[in-house]
Structure formats: structure tokens, C-alpha cells
Amino acid sequence: MVVAKLDPKGKSNILNECLFMRNNRLKFMPAYIMHDTADGRRYLVTRYIPYSVEDWLKRQDNWLQALSALARQMLECIRQLHGIDHIHRDVKPDNFRVDDQGKVFLIDYGLVK
Ligand SMILES: Nc1ncnc2c1ncn2[C@@H]1O[C@H](COP(=O)(O)OP(=O)(O)O)[C@@H](O)[C@H]1O
Ligand SMILES: [Mg+2]
């Protein structure tokens, strides 16, 4: 399954995000599939990651253990991004997703530098 992020009208950082995702395929980034422009609007297609952090935690019996596992992985995403000399600049719970195995992904690279 995939998800398409459409360029919102007006000021947007979607080209920065498209190029970053295409050029830096780190294992905590949803797989980049393609980007293009249609009817004057740029869009980015990546792999769909099913759960928000909140939704994932709601499904877990041991909430505290699950939170600790997520937090560890979230920090590891940031550490690895900094390891390739980039900063995300919009780190917040909404910008992480979780897959069926509990693996954490960092999304939303519009502001990355
Ligand atoms: N790969 C993805 N898989 C599942 N949902 C996603 C994915 N990328 C984005 N989303 C959903 O779309 C929302 C907005 O995407 P995001 O890239 O964070 O854009 P924005 O710049 O609008 O915050 C996310 O908070 C998430 O709910
Ligand atoms: Mg976001």
C-alpha cells in the first residue's frame, strides 16, 4: 500500500522532501516510490505505514513497555539522521509512524536540512 502527499497550495517544502527521500533511503524512512507533478501540483508517493504512535499504543497490552520501545526507536531515527549530517526540524509525535511489527518510521521531511 502507498500514500500520496500532495503539494498544498501556496508555500510548500514538498520539493525539498521529494529530493531528500529519493536521495537518502534510510531504513527508518518509508520507502520512496516516486514524485511527479500533475495539474501543476507536485506529489510524493511513499509506502503507507499503518499506525500513528497513538493508535499503535492503544493496541498494546503493556502500554509502558510499548512506549519505551517506541521512544528508543524514535531517538535512534534522530541519531541516524544526524549521523548523515541532516536535521529534521519538525520532530513531534505526529511525524512518526509505526508498522505492524512495531517498527518506527520518521516521516515529513519538508523542513529537513
Ligand atoms: N508514509 C505514510 N504512511 C501513513 N501515513 C502517512 C504517511 N506519510 C504521511 N502520513 C499521514 O499524513 C499526515 C501528514 O503527513 P506529513 O508528511 O506529516 O505532512 P504535513 O507536512 O502536512 O505534516 C501524517 O501525520 C500522517 O498521518
Ligand atoms: Mg507532519
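The values are calculated or read from the model by the stated rules, or taken from the named source; none is laboratory data. As the structure is a computational prediction, the values presented were derived from the model and not from experiment. Counting neighbours? That spans all protein chains shown, and the Cβs are built from the backbone with ideal geometry, glycine included.
Taken over the range 24-59, the residue count meeting the criterion of being without any contact (Cβ under 8 Å) to a residue 40 or more places away in the chain, in contact with an Asp or Glu (Cβ under 6 Å, 6 or more places away or on another chain) and β-branched (Val, Ile, Thr) is 0. Between Met74, Met29, the distinction of being of a type outside the set (Ser, Thr, Tyr), out of contact with any Lys or Arg (no Cβ under 8 Å at 6 or more places or on another chain) and within 14 Å of Tyr109 (Cβ to Cβ) belongs to Met29 only.
Restricting attention to the range 73-91, does a residue exist that is within 23 Å of Tyr43 (Cα to Cα), surrounded by 11 or more Cβ atoms within 10 Å (Cβ to Cβ), more than 9 Å from ligand 1 (Cβ to nearest atom) and in contact (Cβ under 8 Å) with a residue 60 or more places away in the chain? Yes.
Of Tyr48, Tyr32, all but one fail to be at pLDDT 95 or above and either surrounded by 14 or more Cβ atoms within 10 Å (Cβ to Cβ) or in contact with a helix residue (DSSP H, G or I) (Cβ under 8 Å, 6 or more places away or on another chain) (or both); the exception is Tyr32.
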